[in-house]
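First up is the structure itself, then whatever we jot down about it.
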Amino acid sequence: MARSQSEMNGIGQRLRELRQKRGLSQQDLTSLNLSVSYVSLIESGKRVPSEAVLKALAEQVGCTVDYLRSGRDDARVKELELKVAFGDMALRNGANGEAVQSYGEALANAPLLQEATVRRARLGQALAFEKLGRLEAAIQLFTKLYDDPGTVPGTEEWAQLAVALCRAYRDSGDQVMSVEVGDRALKRLDRLGLEYTDDHIQLGVTLIGCYVQRGDLTQAQLLVNRLSAVAEQSGSRVARGSVCWNAALVARSRGQFQEALALTERALMLLAETDNVRHLGVLKVNCATYLLDADSTDYERIEELLTDSREAMLEVGTAFEQAGVEAQFARLALRRAEPRGAIDRAGRAIGLLHNAAPSESAYARVLLAQAQFDLGEERSARETMRAVERELLRLPNNRAGAAVWRQAGDVWLANGHPDEAMALYQRALGGAGFAPMHSNPLAKPSPSPWDGDALVAPARVVSADGSSPSPEASPR
């Protein structure tokens, strides 16, 4: 009897909820064989309807008989699971907007899904948001998953979430939180005393990228040294390649371009046999960047590397990463004395960023301004440089912003505008933590610090997890 009463209550409750959700009255459910009073008795749990009545009611409220009877709709569950699977496929294929929509439709019915499927959909949605440049939404979802009691510290899932959260904070410009998340996670891993896996090493190399972007090269190098030893012991090509990759970032930040190039070439060799399209893509754009840093004239190889990287990023990369490739194409065009090509590429980078990531957007605009100067379009170049300044004013005083302020100043100076250059150099000094200068050493025009070679912007490179520090370098 108790079971029968529970069944009656469940049917009645579900019928009432669905009826009200559809904006129907009890009268709307009546028919020749079904009165208002009988509908009321069913909803109050005082009657168990027959199969025929259940079928009629299910059609009226838009559900299956199974759902009214048990609260579980297997057909609906399968439909929602297919939406999650479609979201996974869309994410792999770079259709990030479609992925967000599919995951969202599934998550709107989360109570019908198993917890593992819900977590999968939330992670997929977070990754899609990240690729679309919607970093705040991505951070919110990554944080919810990372802090969930079901996420066990030290596991593969935990390490991957820590990497994703650290990366998203860094790409959003929050260097403090990116370092804090990575450092806290690595210390927790140390306390657990577990043997390091590739995922744990990936967490460490992510933190290296954070340190580089923050300008803490000492901590970055210490972590490189530590992880190099761990990776050699593990024997994993992926682990060793990832450490080489990020060791190159440190070398490049110190102006050791040839060493950075050699380390990146080694990372490419170690990771060449993996199926991680994204990692190989960002490694290739880094390699092209370092070749430009080292004043290589092997333009065919640089173009080949960038073309391969662009194809990979269009498939699996974020808008942020795609913009980085386009910016390096613009830099190559400037090196080849093809300013119109540089304008096209820089414009694509700016469009991909959608006014997000101010330092990266400013970088692309500095490339654009240099191309305009090269074409003699003085007025347009000046307007673009003012837009650079507006972008940079959105940034807090930090190393990444200081690098772009300085490089923008170099563009002014190289194109005959020492007063404008001096103002930007002052900004760069402030961002780097130095007190403003009160005298103008450029009162008499002096040669460019880059031997007369028009400076464009700091070359953008990406770390093993997809980070994008802005090291200081002469890019052209």
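Quick notes on this structure:
- Projected label distance in nm at residue 85 and residue 114, using a 7 Å step from Cα toward the beta-carbon: 1.3 nm
- Sorted by Cβ density within 10 Å, fewest first, the residues 244, 210: 244, 210
- Computed from backbone phi with θ = phi - 60° and the Karplus coefficients 6.51, -1.76 and 1.60, the 3J(HN,Hα) list for region 182-189 is x, 5, 5, 5, 5, 5, 5, 4 Hz; x is used for glycine and proline.
- If the chain linking residue 30 and residue 13 were pulled fully straight, counting 0.36 nm for each residue of separation and taking away their Cα-Cα distance, it would gain 4.4 nm.
- Exposure proxy ranking, count of Cβ atoms within 10 Å, fewest first, for 190, 410, 216: 190, 216, 410
- With only the Cα atoms considered, region 147-274 has a convex hull volume of 103 Å³ per residue.
- Straight-line cross-link partners of residue 46 among the aspartates and glutamates, defined as a Cα under 19 Å from its Cα and at least 8 positions apart when in the same chain: 7, 17.
- Each of residue 46 and residue 174 was given a label point 7 Å from its Cα along the Cα-to-Cβ line. The distance between the two points is 5.6 nm.
- Mean separation of Cα contacts under 8 Å, 6 or more apart, over the residue count of the chain: relative contact order %: 11 percent
- Taking all Cα pairs closer than 8 Å and separated by 6 or more residues, the relative contact order of region 2-72 comes to 43 percent.
- Those lysines that a straight Cα-Cα span of less than 25 Å connects to residue 284, excepting residues fewer than 8 apart in one chain: 131
- The calculated 222 nm mean residue ellipticity attributable to helices in the chain amounts to -23000 deg cm²/dmol, summing -39500 (n - 2.57) over DSSP H runs of n ≥ 4 and dividing by all residues.
- Using only alpha-carbon positions in the chain, the gyration tensor eigenvalues give semi-axes of 55, 26, 19 Å once each is multiplied by 5 and square-rooted (largest first).
- Residue exposure proxy: 144, 78, ordered by other Cβ atoms within 10 angstrom of their Cβ from fewest to most, comes out as 78, 144.
- Per-pair calculated FRET efficiency, R0 = 41 Å: residue 297 and residue 148 via Cβ, rounded to 0.05: 0.20
- Distance between the 7 Å Cα→Cβ label points at residue 92 and residue 184: 3.4 nm.
- For a modelled paramagnetic label at residue 386, 7 Å from Cα along Cα-to-Cβ, no residue of region 310-347 is in reach, as no backbone nitrogen comes under 15 Å.
- Each Lys and Arg contributes +1 and each Asp and Glu -1, all at the Cβ; summed about the Cα centre of the chain, the dipole is approximately 1240 debye.
- Cα-based reach from residue 21 at 16 Å (exclusive), listing aspartates and glutamates while leaving out same-chain residues under 8 positions away: 43, 59
- Estimated at 0.36 nm per residue, the fully extended path between residue 256 and residue 74 surpasses their Cα-Cα distance by 59.5 nm.
The numbers here are math on the coordinates, done by the rules we state, and not lab data. These numbers were taken from a predicted model, which means no experiment stands behind them. Here Cβ is always computed from backbone atoms with ideal geometry, including for glycine, and neighbour counts include all displayed protein chains.
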